[in-house]
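Worksheet: the structure to be examined is printed underneath.
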Amino acid sequence: MPAAAATTRHILRQHDTHLLPFLALLFLLNSLDRSNIGNAETGGFTRYAGLSPSDLNDAVTAFFIAFVSLQPLGAALGKRVGVGRWVGSVMIGWGVLTLLTAFVSTRAQLITLRVCIGALEAGFYPATVFYLGLFYTRFEFAQRLGLFYGQYAVAGAFGGLLSYVVFSIFPTEEGGDGGAGGEGEGRGWHSYQVLFVLEGVFTALVAVITLLWLPTGPGTAWWLSPEERAIAQKRVLADRVLGRSPTALHHRSISRPSSAAAATSHPLLAKPSRRSSTTDAGAAGSEPSLSRTDVFAAFTDAKIWALLCLNILSALPATAFSIFLPLILQGLGHTPLASNALSIPPFLLGATTLWIVTYFSDLTHQRIPFILFGLSLNLLGLLLALLLPPAYLTARYLALCILLAGSFIASPLTVAWISGNIRAPGKRAIALGINGWGNLAGVVAGQLFAPQYAPQYTRPLAVTAACVTVSILGYMAFWGMLVRENRRRAGAEGRRRGGKRGERGERDERAGWLRSRLWTWTGGKGAFTLAGEERSDAVYGC
């Protein structure tokens, strides 16, 4: 057992060293290329390109329409083609398009480029989250997902820092002539053009490395030995299929399933046929291919749609401020340089808070209480920003810091709940793609934070606060439904066992309900099925 535990720790350490940072870099670039248009606008993007400020908002809306509508398709393609090859290919495409954004001169060009970038980026997040779940068990997942998703916030900080450096070297009219060369015509590039070119080139270069770096799954991870690959693959499959806790995942337990039927009947543990593609379980160490049953099961699951609605509402602050925070700060009276510099601390605070919260989420095996904590920070920051007088610049800035601290928590923990409660890999991939429609918040944000509401943005902040309030109530209702369903399933299981075991199950059930009211509910050790393939282990049901 000690040797097995040491091997498991070594495998996790290798994943954390070779896989997680690289995926985090990819998501950082994805988020940066998605939100850089807001930083570019502080450098005079629409002014120098001959566009109106409203064209930028329409381009943001068009981007998210394409981005959202193609999420399930992108997730399915990523799973079918192989995440490494698919992500590398589409990254080259959107990197080139980001570079071309530097040279737009008409509204049609801008909107066309943003639509194409949105189409290529669609499905990136759900596909990579699904891919990440191939390497980690459920009880290891949220913390890693937090480090991964935290790059969304880090991208805001890095985008502000990069813009500050570029705008310092190539100042706008407020600090210089706005170009890269001398006075007048032919002076060179504007600062926003340099920004787009740098980000686009770097994205394309990393994309080429991606094609060579990412394996198809733990069974082909080049950083592990052949024996470690087998163990890495089986421990995750045992956690998903057999529902064992991570402490029970050692060499003997994962290589000897509890029954012969369990070892052969489930597609993840069954021996692959020779016709299996490289994306199938046995050949490549990834999960089996997509089926029509998976698609139907995902699209007919009411819980997935309920979470989607809540995700749209709760994602509005993160989506809106990742793009428009520099413009909001500029509206408070700061220069373009100061606006980009001041955007760094709120985003870093958001990333740090997310990493801490996801760590404790995995540690306590709970999701919804921490989602509610993040949304409460959102609401507090929004209310302070609304109620504080405009003259209180420092206080309003601190309110934005509080707001951003909680903005990035709800979405990744919702994804962690979905990933941890859906056994079938195909259904899980499609469910993550559907949940990606939460980026509809970007469509709302693109029109909500329009130029006519600047510089105070009172109405957008009020609407955002209302959406966050509704999402808090929705998550609380969803939590109550899960607790009731778990109690009902636990009672039914106890009655089937009968006698003293049934009485003990009912006592455990009542104790679990009491603990849930105190927000320290952990429930029983058994796995209770919510519906069909889904399970709520009490820990992941909440």
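The values are calculated or read from the model by the stated rules, or taken from the named source; none is laboratory data. Here the structure is a predicted model, which is why all the values come from computation and not from measurement. Note that we place each Cβ from the backbone using ideal geometry, even for glycine, and neighbour counts take in every protein chain shown. These accessible areas exclude ligands, DNA and RNA; they are computed on the full protein's heavy atoms, side chains included. Shrake-Rupley method; radii C 1.70, N 1.55, O 1.52, S 1.80 Å.
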State whether one or more residues within segment 207-227 are hydroxyl-bearing (Ser, Thr, Tyr), under 23 Å from Gly43 (Cβ atoms) and either modelled with pLDDT under 95 or part of a loop (DSSP other than H, G, I, E, B) (or both).
no
Gly44 meets each of (1) free of Cβ contacts under 8 Å to residues at least 60 places away in the same chain; (2) open to solvent by less than 10 Å² (accessible area, probe 1.4 Å); (3) on the phi > 0 side of the Ramachandran plot; (4) not acidic (Asp, Glu) with one exception, condition (1)
Output yes when any residue across segment 392-407 is surrounded by fewer than 24 Cβ atoms within 10 Å (Cβ to Cβ) and either under 19 Å from Glu140 (Cα atoms) or in contact with a Phe, Trp or Tyr (Cβ under 7 Å, 6 or more places away or on another chain) (or both), and no when none is.
no
Note: among Ser277, Ser286, just one is among the small types (Gly, Ala, Ser), buried (at least 22 other Cβ atoms within 10 Å of the Cβ), at pLDDT below 90 and over 19 Å from the mean Cα position of the chain (by Cα), namely Ser286
From the list Leu100, Leu113, Leu73, pick out the single residue that is open to solvent by 20 Å² or more (accessible area, probe 1.4 Å), aliphatic (A, V, I, L, M) and within 21 Å of the chain's Cα centre (by Cα).
Leu73
Ile344 being within 24 Å of Gly474 (Cα to Cα) and touching a helix residue (DSSP H, G or I) at 6+ places or on another chain (Cβ under 6 Å):
no
State which residue pairs qualify: first residue among the polar types (S, T, N, Q) and inside segment 371-389, second residue outside any helix (DSSP H, G or I) in any location, beta carbons under 9 Å apart, and separation of 6 or more residues or different chains.
Asn378/Ile409
Please state which of the following conditions Ser471 fails to meet, knowing it meets all the rest: (1) closer than 29 Å to Leu404 by Cβ; (2) at pLDDT below 55.
(2)
What about Pro345, is it part of a helix (DSSP H, G or I) and within 21 Å of Gly480 (Cβ to Cβ)?
no
Helices (runs of 4 or more DSSP H) wholly in segment 8-82 with at least 2 residues that are at pLDDT below 90 - which ones?
20-42, 53-69, 71-81
Can we say Thr358 is at pLDDT below 90, of a type in the set (Val, Ile, Thr) and either in a helix (DSSP H, G or I) or surrounded by fewer than 24 Cβ atoms within 10 Å (Cβ to Cβ) (or both)?
no
Entirely in segment 380-449, the helices (runs of 4 or more DSSP H) that have 3 or more residues that are at pLDDT 90 or above
393-407, 410-421, 440-448
Hey, does segment 99-110 have a residue that's in a helix (DSSP H, G or I), touching a helix residue (DSSP H, G or I) at 6+ places or on another chain (Cβ under 8 Å) and farther than 24 Å from Val206 by Cβ?
yes
Looking at (1) under 27 Å from Ala338 (Cα atoms); (2) in a helix (DSSP H, G or I); (3) open to solvent by 10 Å² or more (accessible area, probe 1.4 Å), find the lone condition where Gln456 falls short.
(2)
Meets criteria (more than 22 Å from Ile409 (Cβ to Cβ), buried (at least 24 other Cβ atoms within 10 Å of the Cβ) and at pLDDT 90 or above) for Arg107
no
Hey, does segment 323-333 have a residue that's open to solvent by 40 Å² or more (accessible area, probe 1.4 Å) and either outside any helix (DSSP H, G or I) or in contact (Cβ under 8 Å) with a residue 24 or more places away in the chain (or both)?
yes
Condition (residue is in a helix (DSSP H, G or I), touching a helix residue (DSSP H, G or I) at 6+ places or on another chain (Cβ under 6 Å) and at pLDDT 90 or above) applied to segment 484-495: is it met by at least one residue?
no
